[in-house]
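Q: After the structure tokens below, expect a handful of questions from me.
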Amino acid sequence: MAFLLNYTREPINEVIYDARLAYSMHLAMSEDGKKFEALNHNSGVLFVRATENEDGSLNAKSIKNPFIFQCRDGYGVVAVRTGADGEKDEESKGSIVVFTTGDFLKYEELGLLYLEEEYIEKVVCVYDGEKDMYCLCWCNQKEEWRKAVVKSLQSLELSTIPVDSEPIREETIISNIEGAKEHNQIEIPEELAERLKKKLVTPIHTGVEVPEQIEVETEEDLKKIKAVARYSDGTRAFKQIDWDLTDIDFSKKGVYQLKGTIHQEHFAFPVAFHRADPCVAKWKDKYYFIATNDADGNNTLYIREADRIADLVNAPEHLILSADTYPGIGGLLWAPELHEVNGELYIFHAATPGEFFCEESYIMKLREGGNPICKEDWLKPRRIVRKDGTDICEMGKEITLDMTCFQWEGEYYVIWSQRQFLPKDLGAWLYIAKLNPQKPWMLSSDPVLLSKPEYGWENNHTFVDEGPFALAGKDRLYITFSAAAIDTSYVVGILTIEKGKNLLDRRNWIKNNYPILTSRSVEGEYGTGHNAYVIDENGDVWNAYHARPGVEGARSSGIRRVHFDIDGMPVLDLTEERDLRDEYKQVTTKLRIR
């Protein structure tokens with residue numbers, strides 16, 4: 001058995017770790033119930049949803065004093081729901097919020113269970129297997145303890161009338177985890193403990209495998225041989241090998257001793273200062289880099305071209321669009337993305353004819369046979385519209401931006417961020433629609449709401465979901481997106497849908513309860529977000545993203561290899577040091593030339 005500790009954290013400050021992040025459930029693991037290891041970079045894994053008003057606006061919420069326990073099937077969490085910053089929540093008065101989970105990774109928020117008229121301060125829940133019921137004990141703001149029985153958590157109703165209770169003696173746990181406010185721990189099976197470690201601890205490189213003997217005829221054959229890198233979570237990744245061919249003669253058959261070095265591209269962060277919302281794409285055997293230009297107030301778009309992704313770092317920039325290129329296409333040239341639709345190359349981007357409140361999504365096409373780095377080969381951007389040709393939203397009242405495009409199961413789709421400012425600011429929401437590939441400036445279905453910034457990590461400093469990008473897996477489609485303000489609170493969340501399911505039905509999507517990339521994921525990188533993916537010639541997936549090199553640093557671009565965990569989900573924080581350790585870089589084998 002292993003011990004699982006549930007804790008919240010004390011807020012540090014608004015920049016590093018504020019209330020909407022700290023007032024969530026965190027997890028730590030222990031083998032003896034005394035020495036604990038924080039999971040998920042000491043970041044929250046369970047956040048409570050915001051409530052929604054009639055006009056669609058959200059009321060951000062947090063939790064305090066969560067309590068974990070074993071259920072009839074799986075596990076449960078009960079907690080006190082609070083306002084966003086930990087204040088008393090009128091909507092939750094007299095109630096607790098209830099969750100169930102099978103693995104402490106995915107949670108179902110059942111809702112509020114009403115207990116009494118007073119505000120609740122803390123709650124304890126224990127499942128009685130013999131009687132098949134849940135015993136609840138709680139303390140209200142008057143420090144009065146009461147208890148009652150619940151037959152079914154899903155009913156969200158007490159089964160007995162509350163009666164007075166003796167105070168519950170709290171277990172004293174000292175975890176020595178930074179900022180931790182410990183609550184309770186439970187014993188869990190080793191299998192579950194191992195799974196939590198594999199999912200909530202970034203893997204590290206633990207070894208490498210190469211064949212004991214390689215048989216080839218030519219040097220080209222040898223280049224196809226790859227090493228297999230092993231990782232602490234049991235996953236593997238193929239690696240290119242730079243072979244030392246000094247004493248190898250491919251014209252002479254025989255057996256040779258062969259040495260090599262595992263190949264690793266190096267991308268020092270940042271690869272481009274003052275470049276946000278980066279996108280790296282492949283087009284006709286060339287790689288291209290494009291990003292929002294923060295250096296000049298977002299008034300220009302430059303593109304880089306290279307034969308290899310690594311060569312993009314020092315490649316020259318070519319201006320392809322500026323705020324004065326066309327009448328009606330002004331500044332705030334945001335989030336450019338290169339996408340191929342029906343064999344043609346396009347740039348999806350946002351622009352405004354004037355002020356910020358007129359920012360909308362546009363598409364710009366490369367002329368047939370055109371050169372992507374030549375400004376004159378790009379046609380004038382045109383605004384993306386609905387299937388009937390009308391505007392997606394009313395300019396000046398709502399904005400659209402960060403539109404991305406992808407193909408899935410034979411259909412083209414776009415996802416974008418849309419924000420209503422008038423008559424009331426509702427925050428930025430994600431929408432999805434099918435795209436007409438013959439007229440890619442036009443949707444072919446009505447827009448469908450995909451995600452709202454309902455969790456604390458999404459509405460930290462502002463209510464925003466934006467920057468979506470698709471990554472296709474074998475059996476699932478992943479959409480990563482960015483959330484919160486574009487300061488240090490910026491994070492990357494993820495939505496998942498299984499192959500064969502309707503993308504335009506919001507109920508088919510699973511939204512991760514916690515972000516997969518934050519300012520705590522990689523030391524020295526703050527406000528990570530707005531990422532895009534590209535697959536190179538070796539089949540490796542690369543993540544282009546922006547972050548701040550320091551709390552006060554400018555938004556700047558980074559590139560890092562995407563790893564995939566035991567479930568095939570993308571891992572975005574596998575740094576070069578975690579990806580390939582020095583002690584495993586050198587390999588030896590025997591080479592037989594046929």
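The values are calculated or read from the model by the stated rules, or taken from the named source; none is laboratory data. The structure displayed is predicted, hence computed values, not measured ones. In this analysis, Cβ positions are derived from the backbone assuming ideal geometry, glycine residues included, and neighbour counts consider all displayed protein chains.
Q: Output the number of residues of segment 22-59 satisfying the condition of being on the phi > 0 side of the Ramachandran plot and among the small types (Gly, Ala, Ser).
A: 2
Q: Let me ask you something else. Can you tell me how many residues in segment 541-581 are farther than 28 Å from GLU498 by Cα, hydrophobic (A, V, I, L, M, F, W, C) and not assigned by TED's automatic domain parsing to the domain that holds THR292?
A: 1
Q: Still on this structure: Only one of these conditions is not met by SER92: (1) of a type in the set (Gly, Ala, Ser); (2) touching an Asp or Glu at 6+ places or on another chain (Cβ under 9 Å); (3) surrounded by 18 or more Cβ atoms within 10 Å (Cβ to Cβ). Which number is it?
A: Of the numbered conditions (1) of a type in the set (Gly, Ala, Ser); (2) touching an Asp or Glu at 6+ places or on another chain (Cβ under 9 Å); (3) surrounded by 18 or more Cβ atoms within 10 Å (Cβ to Cβ), the odd one out for SER92 is (2).
Q: Could you list, in sequence order, the residues of segment 371-411 that are part of a loop (DSSP other than H, G, I, E, B) and touching a Phe, Trp or Tyr at 6+ places or on another chain (Cβ under 7 Å)?
A: PRO372, LYS380, PRO381, ILE384, GLY396, LYS397, listed by residue number.
Q: Does at least one position in segment 107-127 carry a residue that is in contact (Cβ under 8 Å) with a residue 60 or more places away in the chain, part of a loop (DSSP other than H, G, I, E, B) and not acidic (Asp, Glu)?
A: No, segment 107-127 has no match at all.
Q: Moving on to the next point. Can you spot a residue in segment 279-298 that is assigned to a loop (DSSP other than H, G, I, E, B) and closer than 21 Å to TRP542 by Cβ?
A: yes
Q: Can you tell me how many residues in segment 164-185 are part of a strand (DSSP E or B) and within 17 Å of ILE96 (Cβ to Cβ)?
A: 2
Q: Further question: Keeping to segment 388-407, report how many residues are of a type in the set (Ser, Thr, Tyr) and either touching a residue at least 12 places away in the same chain (Cβ under 8 Å) or under 16 Å from THR480 (Cβ atoms) (or both).
A: If we filter segment 388-407 for residues that are of a type in the set (Ser, Thr, Tyr), which is where we start, we get 390, 400, 404.
Now drop any that are not either touching a residue at least 12 places away in the same chain (Cβ under 8 Å) or under 16 Å from THR480 (Cβ atoms) (or both), which leaves 400, 404.
Qualifying residue count for the region: 2.
Q: Residues that are touching a residue at least 60 places away in the same chain (Cβ under 8 Å), β-branched (Val, Ile, Thr) and out of contact with any Gly (no Cβ under 9 Å at 6 or more places or on another chain), at least 1 per element: which strands (runs of 3 or more DSSP E) completely within segment 192-269 meet that?
A: 205-209, 213-216, 254-262
Q: Let me ask something else. Just need a number here: residues in segment 298-325 that are surrounded by 15 or more Cβ atoms within 10 Å (Cβ to Cβ), out of contact with any strand residue (DSSP E or B) (no Cβ under 6 Å at 6 or more places or on another chain) and either more than 26 Å from ILE486 (Cα to Cα) or outside the structural domain of SER361 (by TED's automatic domain parsing) (or both).
A: Residues in segment 298-325 being surrounded by 15 or more Cβ atoms within 10 Å (Cβ to Cβ), out of contact with any strand residue (DSSP E or B) (no Cβ under 6 Å at 6 or more places or on another chain) and either more than 26 Å from ILE486 (Cα to Cα) or outside the structural domain of SER361 (by TED's automatic domain parsing) (or both): 2 in total.
Q: Which of the residues belonging to segment 395-410 are touching a strand residue (DSSP E or B) at 6+ places or on another chain (Cβ under 6 Å) and closer than 23 Å to ARG476 by Cβ?
A: Listed by number, the residues that qualify are ASP402, MET403, THR404, CYS405, PHE406, TRP408.
Q: Suppose we keep only residues that are without any contact (Cβ under 8 Å) to a residue 60 or more places away in the chain and of a type in the set (S, T, N, Q) within segment 34-58. Which one would you say is farthest from ILE16 (Cα to Cα)?
A: Result: ASN53.
Q: Which pairs turn up if I take residues in segment 492-520 that are closer than 20 Å to LYS198 by Cα and part of a loop (DSSP other than H, G, I, E, B) and look for partners that are of a type in the set (Val, Ile, Thr) and at pLDDT 95 or above with beta carbon separation below 6 Å, at least 6 apart in sequence or on another chain?
A: Matching pairs, first to second residue: ASN512/ILE494; TYR514/VAL45; PRO515/VAL491; PRO515/VAL492; ILE516/VAL492; ILE516/ILE494; THR518/VAL491.
Q: Are there any pairs with C-beta distances below 8 angstrom linking a residue in segment 142-155 that is farther than 20 Å from LYS93 by Cβ and in contact (Cβ under 8 Å) with a residue 24 or more places away in the chain to a residue that is among the aromatic types (Phe, Trp, Tyr) and buried (at least 17 other Cβ atoms within 10 Å of the Cβ), with the two at least 6 apart or on different chains, and if so which?
A: Here the result reads LEU153/TYR134, each pair linking segment 142-155 to a residue that is among the aromatic types (Phe, Trp, Tyr) and buried (at least 17 other Cβ atoms within 10 Å of the Cβ).
Q: Considering each residue of segment 223-252, count those that are within 30 Å of ALA291 (Cα to Cα) and crowded, with 16+ Cβ neighbours inside 10 Å, and give that number.
A: 3
Q: List, please: which pairs have Cβ atoms under 6 Å, are six or more places apart or on different chains, and start with a residue in segment 307-336 that is under 26 Å from GLU576 (Cβ atoms) and end with one that is of a type in the set (Ser, Thr, Tyr) and surrounded by 18 or more Cβ atoms within 10 Å (Cβ to Cβ)?
A: So the pair list comes out as ILE309/TYR287; LEU312/TYR287; GLU317/TYR302.
Q: Only one of these conditions is not met by THR588: (1) surrounded by 22 or more Cβ atoms within 10 Å (Cβ to Cβ); (2) part of a strand (DSSP E or B); (3) of a type outside the set (A, V, I, L, M). Which number is it?
A: (1)
Q: For residues in segment 253-265 being more than 12 Å from LEU591 (Cα to Cα) and touching a strand residue (DSSP E or B) at 6+ places or on another chain (Cβ under 7 Å), which is surrounded by the most Cβ atoms within 10 Å (Cβ to Cβ)?
A: Only one residue fits best here, namely ILE262.
Q: Here are some conditions: (1) closer than 21 Å to LEU156 by Cβ; (2) modelled with pLDDT of 95 or more; (3) touching a strand residue (DSSP E or B) at 6+ places or on another chain (Cβ under 8 Å); (4) charged (D, E, K, R). ARG72 meets all but one. Which one does it not meet?
A: (2)
Q: Oh, and also: List the strands (runs of 3 or more DSSP E) inside segment 419-490, counting only whole elements, that have at least 3 residues being assigned by TED's automatic domain parsing to the domain that holds GLY527, within 15 Å of the chain's Cα centre (by Cα) and crowded, with 24+ Cβ neighbours inside 10 Å.
A: Of the strands (runs of 3 or more DSSP E) lying wholly inside segment 419-490, those with at least 3 residues that are assigned by TED's automatic domain parsing to the domain that holds GLY527, within 15 Å of the chain's Cα centre (by Cα) and crowded, with 24+ Cβ neighbours inside 10 Å span 465-472, 476-483.
Q: In segment 563-585, which residues are part of a loop (DSSP other than H, G, I, E, B) and farther than 20 Å from ARG195 by Cα?
A: Answer for segment 563-585, where residues must be part of a loop (DSSP other than H, G, I, E, B) and farther than 20 Å from ARG195 by Cα: THR575, LEU580, ARG581, LYS585.
Q: Which residue, of ARG72, ARG81, is under 30 Å from GLU117 (Cβ atoms) and either assigned by TED's automatic domain parsing to the domain that holds LEU430 or assigned to a strand (DSSP E or B) (or both)?
A: On inspection, the qualifying residue turns out to be ARG81.
Q: Can you go through THR235, THR218 and tell me which one is modelled with pLDDT under 95 and more than 17 Å from HIS263 (Cβ to Cβ)?
A: Only one candidate qualifies: THR218.
Q: Restricting to segment 181-227, name every residue that is of a type outside the set (Val, Ile, Thr) and over 33 Å from the mean Cα position of the chain (by Cα). Talk me through it step by step, then tell me what you get.
A: As a first pass, look at segment 181-227 and keep what is of a type outside the set (Val, Ile, Thr): 181-185, 187, 189-200, 203, 205, 207, 209, 211-213, 215, 217, 219-224, 226-227.
Once the filter is applied, which keeps residues that are of a type outside the set (Val, Ile, Thr) and over 33 Å from the mean Cα position of the chain (by Cα), segment 181-227 yields PRO211, GLU212, GLN213, GLU215, GLU217, GLU219, GLU220, ASP221, LEU222, LYS223.
Q: Among the residues of segment 3-55, write down those that are at pLDDT below 95 and aliphatic (A, V, I, L, M).
A: ILE12, VAL15, ILE16
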